[in-house]
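A.B. asks: This is the structure I have questions about; it appears just below.
The values are calculated or read from the model by the stated rules, or taken from the named source; none is laboratory data. Please read all numbers here as calculations on a predicted model, not as lab measurements. As a convention, Cβ positions derive from the backbone with ideal geometry for all residues, glycine included, and neighbour counts pool all protein chains shown.
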Amino acid sequence: MLPPQPIPTHLAKADKIYFVASDTDEAQNALQSLSERYGNVPAREADVIVALGGDGLMLQTLHTHMGSGKPIYGMNRGSVGFLMNEYREHDLTDRLAMADVTTIRPLQMTAVTEDGSAHNALAINEVSLLRQTSQAARLKISVDGRVRLEELICDGIIVATPAGSTAYNLSAHGPILPIAAQLLALTPISAFRPRRWRGALLPNRATVDIDILDPGKRPVSATADHTEIRRVTHVSIKEATDAEGLIMFDSDHGWDERILSEMFRY
């Protein structure tokens with residue numbers, strides 16, 4: 001059984017900051033302004049990494065610094081920013097000192113392709129399987145070695161972490177999960193049969209195995225965040241036990257508050 005995720009803590013210090021920014025003018029201008037104000041040390045010397053952009057940059061930064069022990073604080077200078085904090089310049093060091101630091105663990109995807117080769121990738125948000133042609137995918141779903149669905153005919157399926165539950169998973173009408181929930185969301189995409197199946201919530205220690213039925217006629221791709229593997233025949237997904245990232249949220253508008261706001265949005 002995997003150890004529980006730690007209760008959010010705070011940084012011991014945040015004197016040395018490494019800034020990283022997306023390529024947009026807005027983000028690059030913020031990078032210059034903040035670097036002049038607070039300095040910009042190399043990542044290896046930093047107490048904290050500040051990412052300036054959108055959720056895509058946050059995912060990229062988390063992947064880059066996975067396992068480094070460097071907490072990452074995002075400020076929104078992009079089009080999407082659910083994983084980001086509000087952009088302000090004047091009180092950054094105080095915000096970093098007060099921010100909640102939460103451990104997130106990615107999913108480990110192992111995808112086997114038609115030629116029998118295995119491909120491994122990590123996913124902080126989700127692993128998604130999608131049909132590659134006009135033909136619907138036919139999938140067999142097993143959890144911890146027990147077949148739960150002999151046949152799911154659909155456009156695809158998502159296994160999402162709490163961090164990813166507000167991304168593609170939410171667009172597919174999957175549940176939103178609190179960041180510290182020891183759960184995974186298993187969400188179908190446009191299920192045709194069984195039509196009424198809406199997915200499942202699984203313990204984060206579960207292993208999900210997905211067999212692609214009739215892969216020659218109905219090819220399927222598997223994607224772990226930004227890593228795509230095409231024409232897969234079998235995909236195994238479980239929470240990684242040897243990798244973790246640290247993400248920071250303002251204490252007065254943390255993940256739980258964002259989740260509640262999203263749940264009550266109408």
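A.B. asks: Please determine whether any residue of the range 140-151 is surrounded by fewer than 16 Cβ atoms within 10 Å (Cβ to Cβ) and in a loop (DSSP other than H, G, I, E, B).
C.D. replies: So far as the range 140-151 goes, yes, one or more of its residues are surrounded by fewer than 16 Cβ atoms within 10 Å (Cβ to Cβ) and in a loop (DSSP other than H, G, I, E, B).
A.B. asks: Search the range 165-184 for residues that are under 11 Å from residue 263 (Cβ atoms) and at pLDDT below 90 and pair each with any residue that is among the aromatic types (Phe, Trp, Tyr) and assigned to a loop (DSSP other than H, G, I, E, B) when their beta-carbon atoms are under 8 Å apart and the residues are at least 6 apart or on different chains.
C.D. replies: Taking only residues 6 or more apart or on different chains, the pairs are 166/82.
A.B. asks: Do we have residue 229 as touching a strand residue (DSSP E or B) at 6+ places or on another chain (Cβ under 6 Å) and among the hydrophobic types (A, V, I, L, M, F, W, C) here? Before you say what the answer is, go through the steps one by one.
C.D. replies: Details: touching a strand residue (DSSP E or B) at 6+ places or on another chain (Cβ under 6 Å): yes; among the hydrophobic types (A, V, I, L, M, F, W, C): yes.
Yes: the conditions hold for residue 229.
A.B. asks: Mind checking which strands (runs of 3 or more DSSP E) fall wholly inside the range 22-109 and carry at least 1 residues that are small (Gly, Ala, Ser) and either buried (at least 18 other Cβ atoms within 10 Å of the Cβ) or not assigned by TED's automatic domain parsing to the domain that holds residue 211 (or both)? Steps first, answer last, please.
C.D. replies: On the way: elements: 48-53, 71-76, 100-104.
Counting at least 1 such residues, we get 48-53, 71-76.
For every residue, the table says whether it meets (1) among the aromatic types (Phe, Trp, Tyr); (2) surrounded by 18 or more Cβ atoms within 10 Å (Cβ to Cβ); (3) in contact with an Asp or Glu (Cβ under 7 Å, 6 or more places away or on another chain).
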position: 208; (1), (2), (3): no, yes, no
position: 213; (1), (2), (3): no, no, yes
position: 219; (1), (2), (3): no, yes, no
position: 224; (1), (2), (3): no, yes, no
position: 232; (1), (2), (3): no, yes, no
position: 241; (1), (2), (3): no, no, no
position: 262; (1), (2), (3): no, no, no
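A.B. asks: Quick check, is residue 195 more than 17 Å from residue 128 (Cβ to Cβ), modelled with pLDDT of 95 or more and either assigned by TED's automatic domain parsing to the domain that holds residue 153 or not small (Gly, Ala, Ser) (or both)? Outline the logic, then answer.
C.D. replies: Values: more than 17 Å from residue 128 (Cβ to Cβ): yes; modelled with pLDDT of 95 or more: no; either assigned by TED's automatic domain parsing to the domain that holds residue 153 or not small (Gly, Ala, Ser) (or both): yes.
The answer is no for residue 195.
A.B. asks: Answer yes or no: is there a residue in the range 154-177 that is in a strand (DSSP E or B), of a type in the set (D, E, K, R) and assigned by TED's automatic domain parsing to the domain that holds residue 133. Explain how you work it out, then say what you get.
C.D. replies: So in the range 154-177, the residues in a strand (DSSP E or B) come out as 154, 156-160.
So of that shortlist, the ones also of a type in the set (D, E, K, R) come out as none.
No, because not a single residue in the range 154-177 is in a strand (DSSP E or B), of a type in the set (D, E, K, R) and assigned by TED's automatic domain parsing to the domain that holds residue 133.
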